[in-house]
1. Quickly run through the stretch 1-17 and pick out the residues that are under 15 Å from the mean Cα position of the chain (by Cα) and not small (Gly, Ala, Ser).
2. Can you find even one residue in the stretch 58-76 that is hydrophobic (A, V, I, L, M, F, W, C), at pLDDT 55 or above and over 22 Å from TRP166 (Cβ atoms)?
3. Go through (1) in contact with a strand residue (DSSP E or B) (Cβ under 9 Å, 6 or more places away or on another chain); (2) at pLDDT below 90; (3) surrounded by 10 or more Cβ atoms within 10 Å (Cβ to Cβ) one by one and return the number of the condition GLU104 breaks.
Amino acid sequence: MLISPSKIHSNLISLLSTNYKKGPHTALLIYPNGQLVSSANLPSDDYEDDDEDNQSNGKLKGQEELEEEEEEEEPYLEIQERFRLLLGLASQWDRQDSGKMECELGKLHFKFIQLPISPLVSSIGKESLPSVKNQFIDGFILILNSTKNVEWKILLNKSEEFKKNWDS
């Protein structure tokens, strides 16, 4: 199976939501051993706060600031630090475990993407040649990271959307 890095990246980008309260802000595709295949994220300064929504709900600015302080915020991490933590958590995830995790990074959703099984290639006549045995990879793990106020249903729908795009 031929895998296009640009297609994978564009599919990951399509999963992200510019409003961090409505969808994932980080998506990773990794090998089951934790090695990164592709990633996509929106930098924190690209998140759009809907100022119109904040103004239309009739709250004063001081009230909004107090409520924001009361909410449990995700810790700020540089992109590479966040990726390292996500890769570490995902490499510990087992397919039989729940695909949902909530931690300091927000909500994490893991989805195993099965690769089609390729037919075995005959090695007749090649027995005398030394060869390196390739590591068998049967699939990838998709990781979606969002804030804690995003509903699980949204993350599940995004992972199904990725799987449909992958299969097509």
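The values are calculated or read from the model by the stated rules, or taken from the named source; none is laboratory data. Small disclaimer: the values here were computed from a predicted structure and weren't measured. Cβ sites come from the backbone with ideal geometry, for glycine too, and all protein chains shown count toward neighbours.
1. ILE8, HIS9, ASN11, LEU12, ILE13, LEU15, LEU16
2. No, the stretch 58-76 contains no residue that is hydrophobic (A, V, I, L, M, F, W, C), at pLDDT 55 or above and over 22 Å from TRP166 (Cβ atoms).
3. Among (1) in contact with a strand residue (DSSP E or B) (Cβ under 9 Å, 6 or more places away or on another chain); (2) at pLDDT below 90; (3) surrounded by 10 or more Cβ atoms within 10 Å (Cβ to Cβ), GLU104 violates only (1).
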